[in-house]
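Taken together, the values in this text are just the output of simple stated rules run on the coordinates, not laboratory data. The structure displayed is predicted, hence computed values, not measured ones. Using ideal geometry, Cβ is built from the backbone for each residue, glycine included, and neighbour counts are taken over all protein chains shown.
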Amino acid sequence: MKKISIKTSHPYEVLIERGGLAKSGEYIAKVTNSRKAAVITDDIVEKLHLQTVLDSMKAVGFECSVFVFPNGEPSKSLANLGNIYDFLCESNITRSDIIVALGGGVVGDITGFAAASYLRGVEFVQIPTTLLSQVDSSVGGKTAIDILGGKNLVGAFKQPALVICDSDALKTLPQEILSEGMGECIKYGMIRDEKLFELMESHDIENIDDIMDEMVYKCIDIKRAVVENDEFDRGERMILNFGHTLGHALEGWHNYTGFSHGEGVAAGMCMITDRLAPQLSERLKKCCAAYKLPTGSDIPMSELLPFCSKDKKNEKKDINYIICREVGKCEIVKVPFTEFCRLMEG
Ligand code: GLY
């Protein structure tokens, strides 16, 4: 087993272990004195992994209540959050008990927000079961739901008490879900670690399992370093958004259906690199293509840019974009939105 200690305001450990799901009870028992837990998951993960986690929790004395909701982004809603609150209340979960998020990014985000807000805060554990949630959303404490005005607009910073990553769980994922996670993994290589990038570019989607543990470890360790320096997203953490400005625009253009976040990140990284660091373009595109990710888009820039300006995270009329001029190095550049449009359309 590998361990990464995250030294945020509320420190915790990320455990990376094949077969970790079957030992989750033992690990969770070390971060809480309670033996009462609420396990929250979706209807896909329920069939694949719920019993393994429940068995292991029951084996160390946990009494578990379970809430299952339909998989997919529409479940990250205010209505579903209300259902989760009702379930926690009916299960008599108190502030000293523990909530477990078992699933991908949607499960982790909404469960984390429920844990941040129910009774003004209950400890929670993340058991991410997709590549994207293992390397990104389960670590760093961002929790959220979507509202009509946009994705992730209501949320809180709430660090988990523990994260358990089991690479064996990733074996059941369809290729497109693995590819989606690879969008974020390639991003980590580009922004911080050329060796990690080399590891990924020397493999492909067919033999990804050979590098999975090392890759997941390195990605989480990069996220650790960034989040420790800027837990509340006021500066350096913005580098994690490499590829995301155009990526979010692509997701928005597709109305958040049929085009995943990871595909958006991959296409967004390739598009901005094409424009501003063309010397890296071919290498980046080859790596994205090896993991069956898009390397650009046919949608005219004039149609995408309006979606960038709707990004609620941009301050006034300036936009922060991230650019890598060498693999493993990146910078944050702040320009007026009009200048960003000129650079992208030029
Ligand atoms: N997913 C980007 C971040 O955690 O800041």
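At a glance:
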| quantity | calculated |
| --- | --- |
| Gap separating the Cα centres of the stretch 1-64 and the stretch 185-263, nearest whole Å | 24 |
| For the chain, share of DSSP beta bridges that run antiparallel, in % to the nearest 5 | 40 |
| Around residue 292: net Lys/Arg minus Asp/Glu count, Cβ-Cβ under 14 Å | -3 |
| Within-11-Å neighbourhood charge of residue 171 [Cβ basis; K, R +1; D, E -1] | -2 |
| Sorted by Cβ density within 10 Å, fewest first, the residues 180, 263 | 263, 180 |
| Listed residue (114, 208, 175) projecting farthest to the positive dipole end of the stretch 91-215, Cβ model | 114 |
| The stretch 1-137: C-alpha gyration tensor shape, a/c 1.5 cut-off, then a/b vs b/c | rounded |
| Cα gyration tensor shape for the stretch 184-284, rounded if a/c is under 1.5, else prolate or oblate | rounded |
| The stretch 150-201: C-alpha gyration tensor shape, a/c 1.5 cut-off, then a/b vs b/c | prolate |
| Neighbour-count order for 54, 119, fewest beta carbons within 10 angstrom listed first | 119, 54 |
| Within the chain: Cβ-based charge dipole about Cα centre, in debye rounded to nearest 20 (Lys, Arg +1; Asp, Glu -1) | 920 |
| Least to most buried among 260, 5, 65 (fewest other Cβ within 10 Å first) | 5, 65, 260 |
| The stretch 92-110 and the stretch 116-133: distance between their alpha carbon centers, rounded to Å | 5 |
| Net charge contributed by nearby residues that have their C-beta within less than 14 Å of residue 75 (K/R +1, D/E -1) | -4 |
| Contact order normalised by residue count of the chain, Cα under 8 Å, 6+ apart, percent | 15 |
